[in-house]
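Asker: This is the structure I want to talk about, given as structure tokens.
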Amino acid sequence: MILIVDDIRANIIALKKTLELHSIEVDTAESGEEALKKILKTDYSLIIMDVQMPGLDGFEVVKILSGNKKTKDIPVIFLSAINIEKKYIFKGYETGAVDYITKPVDSDLLILKVKSFIKIYEQQNELKVMKDLLSKEIAFRKEAQDNLEIKIVERTKELVLKNEELEFKNHELQQFSWVVSHDLNEPIRKIQIFIGIIKDLYLKDNPKALDYVNRTMKSAERMQTLISDLLAYSRLSSKVLFEKTDLNVVLQEVLSDFDYQIENKSAVIKVTDLPAIHSIPSQLRQVFQNLIGNALKFSGNVAVPTIEITSELIKNREFDSETDPEGEFCRIIISDNGIGFDEVYLDRIFVIFQSLNDRSIYEGTGIGLAISKKIMEKHNGLITAKSELGKGASFILVLPLQQEIQTN
């Protein structure tokens, strides 16, 4: 069920009829105060909120919802015919809304968005239920000692079915993430275009306004990068076939992409011969791109930034395995002489959205190393790092030369 909140009854009736024509169950509230009372008593999968209302306005209601553990995850769409300026749209997203739609609205587009957000909310709840079921399953197994083999067979079958269902839902979420990323990128592109026009035509003689505009454009660029990185992260779950890959070719393509940064920083790149392995070339290219890009970005104030890439064959799938000319694995080390980091935070650097550095100085989304770790796992490989603050960092990759099993 969804909740429509609007102080004008005619608006509620029109929107309610539109939604009910598509078999969407609807509840209504004619003020922010009434909406809060209903939300605390009823589980809604989506709220369509008017902005300007007497008493509590839409922004205040959403702010209250965001601060409540029970209601913070309910998606809210602002729908307004009056507050259509950019400052109100920005404020809507800042308060926690998932979308801000201005009138007149395309009813087909509204229905599509409503159904999409309802679907995501329901899937999230289903995943929570499944998580609870799996937790109960683990507890049950610990208690069940008698007839263990029979019970394991039965429960394994159930888990396989649940896993297949989860994979199907994951595929649906991947498709949805692509649609959402496209919808999010489009308004950002328009914001960049119009702000660029305003900057060029009206703000040339206003340094303070130019500063604000440049900050806004930088924020839009960061949002665009974040959306692209999130989409790349979600795509890593899809199935792709491995192929014979010359890592020297992959590395040279990456270094070619960084020509400008290398020349601009007068960096020195030292490379030894890399092996040919079974891999997904585009994904390993992304790993090299993330690690070399970080080495250049975090070079600090050293006179000559130096990046060294070495490779050797090893016996086992271990970071400290002994070398072996006939080994079935390779160890690749990417070292630099940049700012480094404290190894106390080693586990944190591979977690999505985690960053050890001031983002006002070093731009980034905090997703690159999380993507690299996921790619290495997909290749049945390992990744770690060694570093000391102020003395550079070394990222160590361990990869099998052959892939025996296609992984998802």
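Asker: Could you tell me which of the residues Ser234, Ser256 is of a type in the set (Gly, Ala, Ser), at pLDDT 85 or above and either in a helix (DSSP H, G or I) or over 21 Å from Ile367 (Cα atoms) (or both)?
Answerer: Details: Ser234 fails: at pLDDT 85 or above.
Of Ser234, Ser256, the one residue that is of a type in the set (Gly, Ala, Ser), at pLDDT 85 or above and either in a helix (DSSP H, G or I) or over 21 Å from Ile367 (Cα atoms) (or both) is Ser256.
Asker: If you scan the range 104-157, which residues turn out to be at pLDDT below 80 and among the charged types (D, E, K, R)?
Answerer: Arg141, Lys142, Glu143, Asp146, Glu149, Lys151
Asker: Between a first residue in the range 322-337 that is closer than 19 Å to Ile307 by Cβ and a second residue that is of a type in the set (Asp, Glu) and outside any loop (DSSP other than H, G, I, E, B), which pairs have beta carbons less than 6 Å apart while being 6 or more apart in sequence or on different chains?
Answerer: Hits for this filter: Arg331/Glu312; Ser335/Glu308.
Asker: In addition: What residue, among those in the range 60-99 that are in contact (Cβ under 8 Å) with a residue 40 or more places away in the chain, part of a loop (DSSP other than H, G, I, E, B) and buried (at least 18 other Cβ atoms within 10 Å of the Cβ), is farthest from the chain's Cα centre (by Cα)?
Answerer: Per the criteria, the residue is Ile74.
Asker: Scan the range 274-294 and give yes if some residue there is over 30 Å from the mean Cα position of the chain (by Cα), surrounded by 15 or more Cβ atoms within 10 Å (Cβ to Cβ) and closer than 22 Å to Gly392 by Cβ, otherwise no.
Answerer: yes
Asker: Which is closer than 13 Å to Leu399 by Cα and hydrophobic (A, V, I, L, M, F, W, C), of Ile314, Ile262, Ile339?
Answerer: Working: Ile262 fails: closer than 13 Å to Leu399 by Cα; Ile339 fails: closer than 13 Å to Leu399 by Cα.
Matching residue, one of Ile314, Ile262, Ile339: Ile314.
Asker: Can you pull out every residue in the range 1-59 that is among the acidic types (Asp, Glu), more than 18 Å from Ile101 (Cα to Cα) and either surrounded by 12 or more Cβ atoms within 10 Å (Cβ to Cβ) or over 33 Å from the mean Cα position of the chain (by Cα) (or both)?
Answerer: Residues satisfying the conditions are Glu20, Asp27, Glu30, Glu33, Glu34.
Asker: Please work out which residue is surrounded by the fewest Cβ atoms within 10 Å (Cβ to Cβ), limiting yourself to the range 196-222 and to residues that are within 25 Å of Glu186 (Cβ to Cβ) and of a type in the set (A, V, I, L, M).
Answerer: Among residues in the range 196-222 that are within 25 Å of Glu186 (Cβ to Cβ) and of a type in the set (A, V, I, L, M), the one surrounded by the fewest Cβ atoms within 10 Å (Cβ to Cβ) is Leu201.
Asker: What's the number of the condition Glu60 fails, among (1) within 25 Å of Leu40 (Cα to Cα); (2) of a type outside the set (Phe, Trp, Tyr); (3) in contact with a Phe, Trp or Tyr (Cβ under 6 Å, 6 or more places away or on another chain)?
Answerer: (3)
The values are calculated or read from the model by the stated rules, or taken from the named source; none is laboratory data. Because the structure is predicted, anything quoted here is derived from the model rather than measured. Cβ atoms come from the backbone with ideal geometry, glycine included; neighbour counts cover every protein chain shown.
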